[in-house]
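Asks: Pasting a structure here, questions to come.
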Amino acid sequence: MKLYKKIFIVLLLFGVFQNSYSNERFVIDDIILKGLQRVDSGSIYSSLPFEVGDVFDTSMTPSVIKTLFKSKFFNDIIIERIGNALVITFDERPTIVDIDFEGFEGIEDEQLEKILDAANIASGRIYDSSVLDRIKSELREQSFARGMYSVDIKIEETMLKDNRIYLKVLVNEGVRAKIKQIKIVGNKKYSDTRLKKDFQTALPVWYMFWSDSGVYSSPMLKADLDRLISFYQDKGFMDFAIESTQVTLSKSKEEVYITINIVEGEQYIINKINVAGKLIIPISEIVDAIEITTGEYISRANIIKSADNIRSRLSEEGYAFSKINPVPKKTEGKEGEVDISFYIDPGNRTYVRRINITGNISTQDEVYRREIRQMEGGWYSANAIKISKSRIKRLNYVEGVEIEEVRVPGSVNKLDLNVKIEEKLAGNFNLGAGLGGSGVGFSLSAGIEQDNFLGSGNKVSFELNTAKTSKTYAFNFYNPYHNMDNVSRSFGFNIQTTKTDNTDTVSDYEADRITLEYSYGLPMTEDNRFNLSLRYMNWNVETTTNSPTEIVDFVSDNGDEFDNFSFLVSYAIDTRDSARFTRSGFKTSLSTEVFVPGSDLEYYKVQFKTDSYFDINRKRDIVLRLKGQTRYGQGYGGTSGLPFYDKFKAGGPKSVRGYEKNSLSPYDSANKPLGGDFMVAGTAEIIFKPPVDIKNLKTAFFADFGRAYKDYDSFEFGDLKGSVGLSVKWLSPFGGISVSISTPLNSEDEDKTEGFQFNLGTS
């Protein structure tokens, strides 16, 4: 009986199924489309596999609906027969008018756009509600990566007229989870404290409650685990492994417990070092490039560095795509020892086919090509490319440069270099200002400086200075490539009127000065340069009722008008990686200026300057800067000492901050700075990225020292003055801006101090 019942049910269902999908055929008299608002009816007609007059079979309905759904424009499609007309009714999906985010501040707009783009969600696009869960999931992952585990995400949909929709993403990230415990299990050789020393993931620090101290981040933990692996592998633990990492949340989802399970394994020393493969360069040079030695613990970092050194040396011979494969192998019969073999495959000697320059919007190609030391058609040289990149970066109108090496399709020994330049504004309007006490008052200077005049690489500058003590009008022209031998040429003039009455920063006198200068620069090496300048200076000096005895006597002995000719010889070395915010390298110069016999005044000046940069921590953008200078001058023939207007002075924003301008100098009989024949000054700075993320903004803790002396014999180390403080420098589009707050270290009652100083137009 039960069997009959089952057969009956099956037959009944089969009959229903057959009836619902039985074929019905008719000739189409008309095709009617309903519900279309934005979708073009023509596109619908063209996608249909039939037209008016064709025979329609109802069995085609599922496939037609499937085809129309592929456009993703519709929520629902119904096909029905009315008479001999085929009626297709559409339910269009709405169009997105706009999308707003509220409460989500932890993710950049760029990342949000990527998430929405991947889900095909954007203003003007058709809205598909099925992707909302995917969007929520992606946003949740972003929050989890930053330690926000209690995040709540809602998406509000507001329908507008004309089948449009407005989306609002409401995010409540909650409290960022902080690390409660970091535990390392399995370490025997090193303590938890030592292993966690290099971790960025750390417990909260109570005195940094305002910061992100102690906040959990999964990418940060992953980076720390990589550092842990590197640490052990650099100490000889070849078999070191991280077995597992557990990250546990508290019930409140506000505390994180981290457990890292490790296996240290055995510590290995190097037994033997082998070199194999095709040796293009002498074996002795390869051995010199290897930075590991037998008898010491194996270090992954040193092995990688050794391979890089060999690769770099081969690149100097034109082998751009050499492969260096270091293979460690445990020594047979010797426990805890390992053999290292470097397998060398130089590949084919490579030639540079073409050098392409892009990004030079305002600069001629030739300006950059003359800085490039890699030649088209010549052997590839990694060193030449490195030098080329450094030389381009030193140009004041270059923000950044990247050189990409691209293989030529179909060739095994040719490549192209794509030089991508990021330029900055080469024209600056410079404004300088000073604010001080002791009656100095406010001074103003202005100038127009074009480091890349008309895209030629030539430098042209005009200067107007209306300081209280002097007025200056100047013009200078500099051509870094006067001829094909990289000889530079410059010329300029300077007109200055000086009136120093009623100021406390310099002795009282009046003077008019005209200076004409013509210079040549000769390259000695890539980093060294020799310069020769010829100067003519005309001085007209007048004393005032307040002029000190020293100046009155000088004019009485030497007259009040001087025609002086001088030769200036200098030698400079510049290895800086960049002219803007240097990270490494130095710039050192030694110069001597001699006012030649026959001039109205005969004397000479010697100056030594050095400025060095040390990359202390690239990751945290910390740089140590050491800067120093010393100046000495003396008269000869009938001139005793330097003329009063050419003496050296110290103190102020450009030498020893925290003291008034020129105040650390010998004083005249009227108790005003006169200057001396010898000066020394220096600065130490720790430059770091400020908490505020502003492009081209740097801050520094500094310590300055210096002083000017009557002559070299008067120099006493204990007389040097010092200061410490904080400075902020910003390379704005209009020029450099610097501000400093400082405290003198060993000032005395008679010293003139100035805690706040600023300058615009200088970097």
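Derivation of every value follows stated rules applied to the coordinates shown; laboratory data play no part. All of these numbers come straight from a predicted model, not from anything done at the bench. Note that each Cβ is placed from the backbone with ideal geometry, even for glycine, and that neighbours are counted across all protein chains shown.
Asks: Counting other Cβ atoms within 10 Å, keep those with at most 15, restrict to DSSP loop, and tell me which GluC sites (Glu not before Pro) in region 670-763 are left.
Replies: 716, 748, 750
Asks: Kindly provide the helix-only [θ] at 222 nm of the chain, computed as the sum of -39,500 (n - 2.57) over DSSP H runs of four or more divided by all residues, to the nearest 500 deg cm²/dmol?
Replies: -5000 deg cm²/dmol
Asks: Next up: Expressed as a fraction of 2.2 N^0.38 Å, the rule-of-thumb size for a compact globular protein of N residues, what is the C-alpha radius of gyration of region 351-423?
Replies: Here the Cα radius of gyration is 1.07 times the empirical estimate.
Asks: Now a separate question. Loop only per DSSP, at most 12 neighbouring Cβ atoms within 10 Å: give me the trypsin sites (Lys or Arg not before Pro) in region 222-328, ordered by residue number.
Replies: Passing sites in region 222-328 are 251, 278.
Asks: List the pairs from 471/499; 649/672; 424/695; 305/334; 393/420 whose alpha-carbon separation is above 18 Å, in the order I gave them.
Replies: Correct reply: 305/334.
Asks: Percent antiparallel among DSSP beta bridges with both residues in region 269-345, to the nearest 5?
Replies: Among the beta bridges of region 269-345, antiparallel pairing accounts for roughly 55 percent.
Asks: On to the next question. Can you work out the Karplus-derived ³J(HN,Hα) for every residue in region 451-459? Use 6.51 cos²θ - 1.76 cosθ + 1.60 with θ = phi - 60°, whole Hz, and x for glycine or proline.
Replies: Using θ = phi - 60°, the values come out as 6, 9, 5, 6, x, 8, x, 7, 10 Hz.
Asks: Contact order normalised by length for the chain, with contacts defined as Cα pairs under 8 Å and 6 or more residues apart; what percent is it?
Replies: Across the chain, relative contact order equals 5 percent.
Asks: Sticking with this one: Scan the chain and note any complete DSSP helix (H) whose C-alpha atoms cover at least 24 Å along its axis and whose Kyte-Doolittle average is -0.5 or more.
Replies: 2-20
Asks: Under Stokes-Einstein, with the Kirkwood radius over Cα pairs standing in for Rh, what whole-number D in µm²/s applies to the chain at 20 °C and 1.002 mPa s?
Replies: After rounding, the answer is 62 µm²/s.
Asks: Do you know the Lys pair count in region 178-263 for C-alpha distances under 22 Å, with sequence separation 8 or more or different chains?
Replies: 27
Asks: Something else now. Sequence-distant or interchain residues sharing an amide H contact under 5 Å with residue 458, placed H: which?
Replies: Amide H neighbours of residue 458: 453.
Asks: If amide hydrogens are placed 1.01 Å from N in the peptide plane, which non-local residues have theirs closer than 5 Å to the one on residue 149?
Replies: 177
Asks: What longest range of the chain stays clear of loop-exposed chymotrypsin sites (Phe, Trp or Tyr not before Pro) (DSSP non-H/G/I/E/B, at most 13 other C-beta within 10 angstrom)?
Replies: Free of exposed loop sites, the longest segment is 211-635.
Asks: What residues qualify as long-range amide H neighbours of residue 634, i.e. H under 5 Å apart, gap of 5 or more or another chain, H built at 1.01 Å from N?
Replies: Result for residue 634 returns 604.
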